[in-house]
Amino acid sequence: METVVSGIRPTGNLHLGNYFGAVKSFLQMQYEYNCYFFIADWHSLTTHPHPDNIRNSVKTILAEYLACGIDPEKATIYIQSDVREVAELYLYLNMNAGIGELMRTTSFKDKARKQLHIDAADSDGDMEKEIFNEGNKHSVSAGLLTYPTLMAADIIIHKAVKVPVGKDQEQNMEMARRFARRFNSTFGVEFFPEPASFYYSNKAVKVPGLDGSGKMGKSEGNAIYLIDDEKTIKKKVMKAVTDAGPTEPNSVKPEPIANLFTMMDIVSTKDTYDFFNEKYNNCEIRYGDMKKQLAEDINNFCAPIRERILDIRANDEYMTKVARMGAEKASESAAKTLREVREIIGFRG
Ligand code: TRP
């Protein structure tokens, strides 16, 4: 069975966009591959070096993934910081990683500019000048610079060949392949396989926001969270952007309306969808009714997950057990790789 690794940064609650965009593919993959899904708590230090309550954020995300149906008996679910071997591999990979190549990655440049309070439009030269400016009160951490090395370590430590990620991770994946190849060529071994991106976004449903245009996202401020209660869901859906309604039969749907229908297509039955679609095509649509139905169907989808989140979140013992089991399985695989890596480099294995 092929090995799959994916990391999830613990940055807040899961929303419907995350569910249909990513979590759903994880659910399927756990039955088809040897899966390692981990919570990237070390990575979160690259942007939040003084975490407020990192254990809490980790537990929240763990409970939500379990509630969605990731099965700790099938996939190995673990917390990155529980597997210290990752840090050791990160150290070795960093010795052969160039600061130039790391500085040229777009996500580094974007985040570094932000941390230096430089406008995104400014040139790379300004960014470098500010990084080297001793008088600057803002600095960019070595941790942020080496984000891709840590990610490469996460992946190759289990010799993964497939990595389900969003399209935005393309460059990080290219770096992971490069660092794997470089290790092999530096030591003249065929040790690490090159991991390939596995874009779930091709197969995944793009969940729209209900605020007129674009996708659902946390930073877009239009997310419906799996943990949202019935009242909150209703409030969010009733606020969805609509228009005065079509005046010609079978009109093309403007984006805000199309988004409402897309959402309905995702969570409602075909009959419900067809019913409102026909109303729309006959110019008899009442958006208020449609939204009420949509809110109900979203709630029906979320309610069982929400109940499981609350149950799991309240069961600290269970979460600790899952995390310990995952840590054991992941450590076993990581320790094996590291013993070999140490021997290849020339340390005691
Ligand atoms: N960089 C990934 C993201 O932002 C998270 C991540 C960290 C990851 N390590 C990984 C993803 C290893 C896949 C494999 O989404």
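Which of the following residues is in contact (Cβ under 8 Å) with a residue 40 or more places away in the chain, among the hydrophobic types (A, V, I, L, M, F, W, C) and touching a Leu at 6+ places or on another chain (Cβ under 7 Å): M127, M103?
M103
One line per residue, one yes/no per condition, for (1) aliphatic (A, V, I, L, M); (2) within 16 Å of the ligand (Cβ to nearest atom); (3) in contact with a helix residue (DSSP H, G or I) (Cβ under 9 Å, 6 or more places away or on another chain):
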{"site": "L27", "(1), (2), (3)": "yes, no, yes"}
{"site": "L45", "(1), (2), (3)": "yes, yes, yes"}
{"site": "V58", "(1), (2), (3)": "yes, yes, yes"}
{"site": "G69", "(1), (2), (3)": "no, no, yes"}
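In region 191-211, how many residues are in a loop (DSSP other than H, G, I, E, B) and farther than 17 Å from L93 by Cβ?
7
Of the conditions (1) surrounded by fewer than 19 Cβ atoms within 10 Å (Cβ to Cβ); (2) modelled with pLDDT of 95 or more; (3) of a type outside the set (A, V, I, L, M); (4) in contact with a Pro (Cβ under 9 Å, 6 or more places away or on another chain), S107 satisfies every one except a single condition; which number is it?
Unmet condition: (2).
Name, by its number, the condition in (1) charged (D, E, K, R); (2) within 16 Å of the ligand (Cβ to nearest atom); (3) free of Cβ contacts under 8 Å to residues at least 40 places away in the same chain that does not hold for E85.
The single condition E85 does not satisfy is (3).
Can you pull out the residues in region 214-255 that are surrounded by 15 or more Cβ atoms within 10 Å (Cβ to Cβ) and more than 30 Å from I312 (Cα to Cα)?
A240, V241, T242, P246, K253, listed by residue number.
If I ask for residues that are crowded, with 17+ Cβ neighbours inside 10 Å and either on the phi > 0 side of the Ramachandran plot or out of contact with any Lys or Arg (no Cβ under 6 Å at 6 or more places or on another chain) (or both), which ones from region 280-292 would you list?
Y280, Y287, M290, K291
Does E174 satisfy the condition of being surrounded by fewer than 16 Cβ atoms within 10 Å (Cβ to Cβ), within 16 Å of the ligand (Cβ to nearest atom), within 30 Å of I224 (Cα to Cα) and without any contact (Cβ under 8 Å) to a residue 40 or more places away in the chain?
Judged against the criteria, E174 is not a match.
Among (1) within 15 Å of the ligand (Cβ to nearest atom); (2) closer than 17 Å to N172 by Cβ; (3) buried (at least 18 other Cβ atoms within 10 Å of the Cβ), which single condition is Y78 missing?
(2)
Among the numbered conditions (1) surrounded by 15 or more Cβ atoms within 10 Å (Cβ to Cβ); (2) farther than 24 Å from R306 by Cα; (3) small (G, A, S), tell me where A258 comes up short.
Among (1) surrounded by 15 or more Cβ atoms within 10 Å (Cβ to Cβ); (2) farther than 24 Å from R306 by Cα; (3) small (G, A, S), the lone unmet condition for A258 is (1).
Among the residues of region 155-178, write down those that are closer than 14 Å to F37 by Cα and in a helix (DSSP H, G or I).
I155, I156
Does any residue in region 245-257 that is touching a residue at least 40 places away in the same chain (Cβ under 8 Å) come within less than 8 Å, Cβ to Cβ, of a residue that is of a type in the set (S, T, N, Q) six or more places away or on a different chain, and which pairs are these?
Between residues of region 245-257 that are touching a residue at least 40 places away in the same chain (Cβ under 8 Å) and residues that are of a type in the set (S, T, N, Q), the close pairs are E255/S213; P256/S213; P256/T242.
Output the number of residues of region 116-151 satisfying the condition of being assigned to a loop (DSSP other than H, G, I, E, B) and under 25 Å from the mean Cα position of the chain (by Cα).
4
Where in region 20-73 are there helices (runs of 4 or more DSSP H), lying fully within it, with 2 or more residues that are of a type in the set (S, T, N, Q)?
Answer list for region 20-73: 24-32, 54-68.
What residue, of N18, N94, N56, is buried (at least 20 other Cβ atoms within 10 Å of the Cβ) and of a type in the set (S, T, N, Q)?
N18
The values are calculated or read from the model by the stated rules, or taken from the named source; none is laboratory data. Here the structure is a predicted model, which means the values were calculated and not measured. Here Cβ is always computed from backbone atoms with ideal geometry, including for glycine, and neighbour counts include all displayed protein chains.
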